[in-house]
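Notes follow once the structure below has been shown.
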Amino acid sequence: MSDRQKKTFVITRFDPDKDEVPKTQTYEIPVRPDWKVLDALNFIKDEVDGTLSHRWSCRMAVCGSCGMMVNGEPKLTCKTALSDYGDTVEVGPLSNFPVIRDLVVELEGFMEKFKAVKPWILRAKEKAPEEGVYRQSPAELEAFKQFSMCINCMLCYAACPVVGNEPDYLGPAAIALGHRYNLDSRDEGDAERNQVFREEGGVYSCSYANECSEVCPKNVDPAAAINQAKFLAVVDWAKSFVSPRSRKK
Amino acid sequence: MKHLIARLEPVIWALFGGGFFVGCLLMPAFIFMLCIAAPLGWLPEGALSYERAHALAANPIGRLALFVLIVLPFWNGANHLRHFVIDLRGIRSDGVVAPACYAAALVVTGIAAVAVGKL
Amino acid sequence: MARLADPRAMSPSRPGRTRTAPPVMPPLFPARGRYRSYMLFGACCVFFLLSSLLFLRVVDALAAGPEAWDDLLRQFRHPLYLAYNVAALAGFVFTARRFFFQLFAKSQPPRIGPLPRPPLAVLPPLLGAAWVAATALIFCILWGAFP
């Protein structure tokens, strides 16, 4: 235990059966110098207080489960070194989300927003399997690759002021993913998605705080995607006057 | 009204972006020369005398420049103010703020067109 | 404790099985961390609105005749006008810095129709150069050197 230093964790707790509103609980635990915030939470859960609830899985910034607010900022707790913080660390559930229990937030709303942008390849007519695969050049892949690196950790939703203020807003990750398919050379669904983007709560709700991109642990840069999508939705909208196309829904 | 504004968002955003561009690119120079240097007498004699200023403003390029310099930054400001209010107060007052902002921008566009026409 | 977010923020269209605690806004919003400069950027919309109206007055004075024009320049000498215009100048420069050098380049789609985007790295210096050129041109025109 000689290499262990004590740190205080102020953790937001909420039990839907007992608590009217969330409260905080303080734990003082010995931590190792190489620990991440998630290691400390797991230590508390295993050794101190088994009632603490939090989500985690891969411990290597791939699964996107362990996003929480650490000292007020959305972080992947498996990627956030404790050594970057002082003696007291505050951990809370992701802001802008309803809280189910302790550090666990409600995901269903996020899933609904995701589905709304149709994040899959849309084709006017699917190729038959015997016609072969859809070919794509490295340059065509490069056009959207960055926006496909999202791990759905929802940190961008927790950082965005518009998400908290406008409940209908699709939000950064969903728009970035929709835009990723619009840029994909194999996809033909941009008219459909642009219609979703132009609706209330679409891309024009974004006020470009750029926070989504600041907190993204995978450098997806959703703010770039949203604002490129605004641009393309304007072009698409203008084109609809020149060559009106069938408005499929 | 809400529905109409949602349908017009692409146009509003285009004007908003144009306003950023014009405002950021041209406004600092105009404000410095016209609103700070000229009244303080830092400019050479006659550089902004009425005759010269009017001649500059009244030719077709001058009229267009002034119209753009008034209208686009106002649309930018109107849309930005709407989003600033949402940031501060949430969406609840947007039903009043958004129409008010855009109506003001429409009125200013009209007044600017008349004013530039009268030069 | 952070301000409460809109109660419907990120909630599913049908309520889940358990009671949930309402969503809260990001704790640093609006006045701390990076949000502060974002909110200042938003507040600069006031300068866009007021300076636009001020230029409307300039056009109006030019249309009204020499006396109105001289009168307007005399009014601009008032300390309140000068203070506003110095503040507005700072506001526009602050806005331009964020818009040109942080936000603009990456908002351009990889291609618009057949037109590919220039490399992202050249856009901010290009915008900077355009700003210098436009400012120099306006200075020359209003200085009386040209045309």
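Sub-8 Å Cβ pairs linking a first residue in region A:123-149 that is within 23 Å of residue A:192 (Cα to Cα) and not assigned by TED's automatic domain parsing to the domain that holds residue A:212 to a second residue that is among the basic types (Lys, Arg) and not in a helix (DSSP H, G or I), at least 6 apart or interchain, number zero.
Restricting attention to region B:52-72, the residues being at the interface with chain C (Cβ under 8 Å from one of its Cβ atoms) and either surrounded by fewer than 21 Cβ atoms within 10 Å (Cβ to Cβ) or within 17 Å of residue C:137 (Cα to Cα) (or both) number 8.
So that you can scan it fast, the table gives a plain yes or no per residue for (1) at pLDDT 95 or above; (2) in contact with an Asp or Glu (Cβ under 8 Å, 6 or more places away or on another chain); (3) within 15 Å of residue A:210 (Cβ to Cβ):
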| position | (1), (2), (3) |
| --- | --- |
| C:81 | yes, no, no |
| C:87 | yes, no, no |
| C:91 | yes, no, no |
| C:96 | yes, no, no |
| C:100 | no, no, yes |
| C:104 | no, no, yes |
| C:107 | no, no, yes |
| C:110 | no, no, no |
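Out of A:83, A:65, A:57, one residue alone is farther than 25 Å from residue C:29 by Cβ and touching a residue at least 40 places away in the same chain (Cβ under 8 Å). It is A:83. Is it the case, given these coordinates, that residue B:7 is more than 8 Å from chain C (Cβ to nearest Cβ), touching a Cys at 6+ places or on another chain (Cβ under 8 Å) and either free of Cβ contacts under 8 Å to residues at least 40 places away in the same chain or in a helix (DSSP H, G or I) (or both)? It is false that residue B:7 is more than 8 Å from chain C (Cβ to nearest Cβ), touching a Cys at 6+ places or on another chain (Cβ under 8 Å) and either free of Cβ contacts under 8 Å to residues at least 40 places away in the same chain or in a helix (DSSP H, G or I) (or both). Looking at region A:20-40, which of the residues that are within 22 Å of residue A:105 (Cβ to Cβ) and modelled with pLDDT under 95 is nearest to the other protein chains (Cβ to nearest Cβ)? Top of the filtered list is A:21. Of all residues in region C:25-50, which are outside any helix (DSSP H, G or I) and more than 7 Å from every other protein chain (Cβ to nearest Cβ)? Hits for region C:25-50 are C:31, C:32, C:33, C:44.
Listed conditions (1) charged (D, E, K, R); (2) within 16 Å of the chain's Cα centre (by Cα); (3) over 22 Å from residue A:149 (Cβ atoms) are all met by residue A:79, apart from (3).
Can you tell which of A:171, A:178 is touching a Pro at 6+ places or on another chain (Cβ under 8 Å) and within 21 Å of residue C:109 (Cβ to Cβ)?
On the way: A:171 fails: touching a Pro at 6+ places or on another chain (Cβ under 8 Å).
Among A:171, A:178, only A:178 is touching a Pro at 6+ places or on another chain (Cβ under 8 Å) and within 21 Å of residue C:109 (Cβ to Cβ).
The lone criterion from (1) modelled with pLDDT under 95; (2) in contact with a His (Cβ under 8 Å, 6 or more places away or on another chain) left unmet by residue B:5 is number (2).
Can you find, within region A:155-170, the residue that is surrounded by the fewest Cβ atoms within 10 Å (Cβ to Cβ) among those that are more than 7 Å from every other protein chain (Cβ to nearest Cβ) and either over 12 Å from residue A:214 (Cβ atoms) or of a type in the set (Ser, Thr, Tyr) (or both)? Of everything passing the filter in region A:155-170, A:168 is surrounded by the fewest Cβ atoms within 10 Å (Cβ to Cβ).
Any chance region C:55-62 includes a residue that's more than 25 Å from the chain's Cα centre (by Cα) and within 12 Å of chain B (Cβ to nearest Cβ)? The answer is yes, given that some residue of region C:55-62 is more than 25 Å from the chain's Cα centre (by Cα) and within 12 Å of chain B (Cβ to nearest Cβ).
Results for (1) part of a loop (DSSP other than H, G, I, E, B); (2) of a type in the set (A, V, I, L, M, F, W, C); (3) assigned by TED's automatic domain parsing to the domain that holds residue A:98; (4) out of contact with any His (no Cβ under 7 Å at 6 or more places or on another chain), shown as yes or no for each residue.
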| position | (1), (2), (3), (4) |
| --- | --- |
| A:18 | yes, no, yes, yes |
| A:26 | no, no, yes, yes |
| A:41 | no, yes, yes, no |
| A:78 | yes, yes, yes, yes |
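Filtered by the rule that a residue be more than 7 Å from every other protein chain (Cβ to nearest Cβ) and among the β-branched types (Val, Ile, Thr), region B:80-95 gives a lone residue, B:85. Restricting the first member to region B:12-25 and to residues that are closer than 19 Å to residue C:128 by Cβ and of a type outside the set (Val, Ile, Thr), and the second to residues that are at pLDDT 95 or above and surrounded by fewer than 20 Cβ atoms within 10 Å (Cβ to Cβ), the beta-carbon pairs closer than 7 Å and six or more apart or on different chains are B:25/C:130; B:25/C:131; B:25/C:134.
A Cβ distance below 8 Å, combined with a sequence gap of six or more or placement on separate chains, defines the contacts here; from region B:92-107, residues that are without any contact (Cβ under 8 Å) to a residue 24 or more places away in the chain reach residues that are assigned to a helix (DSSP H, G or I) and not hydrophobic (A, V, I, L, M, F, W, C) in the pairs B:94/B:82; B:97/B:82; B:101/B:79; B:101/B:82. Taking the criterion of being more than 13 Å from chain B (Cβ to nearest Cβ), crowded, with 18+ Cβ neighbours inside 10 Å and within 23 Å of residue A:214 (Cα to Cα), the only residue of region C:1-24 that qualifies is C:10. If only residues of region A:99-130 that are in a loop (DSSP other than H, G, I, E, B) and within 14 Å of chain C (Cβ to nearest Cβ) are counted, the one that is surrounded by the fewest Cβ atoms within 10 Å (Cβ to Cβ) is A:107.
Mind telling me which of the residues C:76, C:100 ends up being over 18 Å from residue B:73 (Cβ atoms) and either facing another protein chain (nearest Cβ under 7 Å) or surrounded by 20 or more Cβ atoms within 10 Å (Cβ to Cβ) (or both)? Write out each step before concluding.
Values: C:100 fails: over 18 Å from residue B:73 (Cβ atoms).
Exactly one of C:76, C:100 is over 18 Å from residue B:73 (Cβ atoms) and either facing another protein chain (nearest Cβ under 7 Å) or surrounded by 20 or more Cβ atoms within 10 Å (Cβ to Cβ) (or both), namely C:76.
The set of residues in region C:76-103 that are part of a helix (DSSP H, G or I), out of contact with any Pro (no Cβ under 8 Å at 6 or more places or on another chain), under 16 Å from residue C:54 (Cα atoms) and not hydrophobic (A, V, I, L, M, F, W, C) comprises C:79, C:84, C:85, C:91.
Report whether or not residue C:88 is under 15 Å from residue B:34 (Cβ atoms), within 9 Å of another protein chain (Cβ to nearest Cβ) and surrounded by 15 or more Cβ atoms within 10 Å (Cβ to Cβ). Steps first, please.
Details: under 15 Å from residue B:34 (Cβ atoms): yes; within 9 Å of another protein chain (Cβ to nearest Cβ): yes; surrounded by 15 or more Cβ atoms within 10 Å (Cβ to Cβ): yes.
Yes; evaluated as a whole, the condition is true for this residue.
Report, by residue number, each residue of region A:209-224 that is touching a Leu at 6+ places or on another chain (Cβ under 6 Å) and not β-branched (Val, Ile, Thr).
So the first thing to find is which residues in region A:209-224 are touching a Leu at 6+ places or on another chain (Cβ under 6 Å), and the list is A:215, A:217.
Result: A:217, single match.
The values are calculated or read from the model by the stated rules, or taken from the named source; none is laboratory data. Quantities reported herein were computed from a predicted structural model and do not represent experimental measurements. Please note: Cβ atoms are built from the backbone with ideal geometry, for glycine as well, and neighbour counts cover all protein chains shown.
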